[in-house]
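This report concerns only the one structure given below.
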Amino acid sequence: MLFWEALASVLIGLVIAYGALHRLPRRLPARRLVLATGPAAALLGALLTHTVLGSGHTAPVLLVALGFAAALLSLLIRPARTRRRRSVTA
């Protein structure tokens, strides 16, 4: 069962990373980094959760994998570029 959980978590990570690239293309770093971070984070989250909970808890494992992928991908997002206006003091 661990193999299927790992495979599903990697696929979840890829989907999250691909979605982030299409939603925020200018605010993320290199495409390769994002596509590598998503699956790696999801796999790490799934393996950690599987170790803590044990086998037979597939749904929580995949939910935590989704959360890990989203959390680590959010760390890659750069702030939006905004124009700063110079304040005029009288």
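The values are calculated or read from the model by the stated rules, or taken from the named source; none is laboratory data. Here the structure is a predicted model, which is why all the values come from computation and not from measurement. Here Cβ is always computed from backbone atoms with ideal geometry, including for glycine, and neighbour counts include all displayed protein chains. Surface areas here come from the heavy atoms of the whole protein model, side chains and all, with no ligands, DNA or RNA. Shrake-Rupley method; radii C 1.70, N 1.55, O 1.52, S 1.80 Å.
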* Tell me, in nm to one decimal, what length is gained between residue 14 and residue 82 on full extension, where the rule is 0.36 nm per residue of separation less the Cα-Cα distance? -> 21.5 nm
* **Long-range Cα-Cα pairs in segment 1-77 (distance over 14 Å), rounded percent** => 53
* Structure fact -> Expressed as a percent, the accessible surface of the chain that is carbon or sulfur, using a 1.4 Å probe and the full set of protein chains, is 65
* To do: Counting helices only, and only those DSSP H runs with n ≥ 4, report the 222 nm mean residue ellipticity of the chain as the sum of -39,500 (n - 2.57) divided by its residues, in deg cm²/dmol to the nearest 500.
  => -24000 deg cm²/dmol
* the chain: trypsin sites (Lys or Arg not before Pro) falling in loop per DSSP and having at most 12 other Cβ within 10 Å -> 26, 81, 83, 84, 85, 86
* Say each of residue 74 and residue 53 gets a label point 7 Å from the Cα, pointing the same way as Cα to Cβ; how far apart are those two points in nm? -> 2.0
* Taking the chain and dividing mean pair separation by its residue count, relative contact order in percent (alpha carbons under 8 Å, at least six apart) -> 36
* Measuring with a 1.4 Å probe in the full set of protein chains, what accessible area per residue, in whole Å², belongs to the chain? -> 74
